[in-house]
Amino acid sequence: MKKILYIPALILICLSCEQVVEDFDVPEKPPKLVIHGRAEEDSLFRINLSKSLGFYDDNVFIPIQNASLQLLFNDQEMGSFSYDSSGWYENPGADFSQPGEYLILADAEGFKQAKARFTIPQKPDVQSISSHNFEKIYTDPSFPEGGYSEYYMHTTLHFRDNPDETNYYMLQILHKGLSYGYYPMETPEEIPSYSWEPLNMTCPAGLTVEAINSWDYFVLASPQDQEHYGQAFYMNDTYFDGDNAQFEFNVELSSVIYSQTDSADGKYILRLEFAEIDKRYFEYAKNRAATGEANDNIFAEPVTVYQSVENGFGLVYGINAFRDSINLLELEGPDLSGVSIEEDYYY
């Protein structure tokens, strides 16, 4: 009994211990160049160049001006960069029509030369896409009609994976709506600003790929019992290398149906983006998801921020996307043009 009584006392003593940490010096290290950029065929190539921050520095973005940037492919320089006064360097002459590895060399006074390698992959070999709309009905006495409905698009994507190599993919469904922060009633004369925004997707149970969604990281080596949810899915070909692969998913349509303003491209037009991506971007997405999981969790494994720049920090990656438009009004299933919602339930 005495031993049992001693244990709570010992716990209280340990918990009451407190150690004051005096001020200590963090050794300063010389700053490095930070390089960020995304490369894609038929898109203006832009590189953001800034300075890394030390422990005692203010958290303020410091762009680097008067730097020298080179873009190389097969040891041949491509185009030239010009500075646009906001930390961005543009290279209109960059040509990413050829898949392969590219190299950026960045030089600036007071910094070591930084190197950023990235890969332009092959475009995904999409075989077919099929979609239809469907409705889920929920019973809820708090609603005047005794319940409510939710609408979804179900899509099946068939594609052929390139054999004898590890490939990485990204999937999104986008809708062009009003940009965040625009309020038409405040300034009626202002031209509305539209942007492509990702919609929420769910992956049905039974998916057999290694995948990352935009909120967490999960590995699916065998059929699962639950759906997975996110606004973007990243996957590799661990379980279907060189085969004809199939990917099924549902897309929530509430933000499309209840949109109060038609976009210039049509309220019911969606854009499917299925891209093969640089391994560096896949690793970054996985790292970002792990970082989110570790937030506010003192027991989580430490996460080191992923970066791919030699003698510097940051990430430059390549992407090669297959894009297709989907008109919701042309799909089988409920006619979405007749769906409306009472103002009181629009949230």
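For the range 33-120, the dipole from Cβ point charges (+1 on Lys and Arg, -1 on Asp and Glu) about the Cα centre works out to 280 debye, to the nearest 20. Determine the relative contact order of the range 33-120: mean sequence separation of Cα pairs under 8 Å and six or more apart, normalised by residue count, in whole percent. Relative contact order here is 28 percent.
Mean projection of the Cα convex hull over all viewing directions, computed for the range 33-120: 6.0 nm². Peptide packing: for 229-238, 326-335, 131-140, the average count of neighbouring Cβ atoms within 10 Å per residue gives the ranking 229-238, 326-335, 131-140, highest mean first. Here r is the Cβ-Cβ distance between Asn244 and Tyr56 and R0 is 45 Å; the resulting FRET efficiency, rounded to 0.05, is 0.20. Pairs exceeding 18 Å between alpha-carbon atoms, taken from Lys32/Lys115; Lys115/Lys286; Lys29/Lys51; Lys123/Lys176; Lys51/Lys115: Lys115/Lys286; Lys123/Lys176. Distance between the pseudo-spin-label points of Glu101 and Ser325 (7 Å out from Cα toward the beta carbon): 4.0 nm.
Read the figures in this text as sums done on the coordinates, not as results from a lab. Keep in mind it's a predicted model, so treat the numbers as computed, not measured. Reconstructed Cβ throughout: ideal geometry from the backbone, glycine too, with neighbour counts over all protein chains shown.
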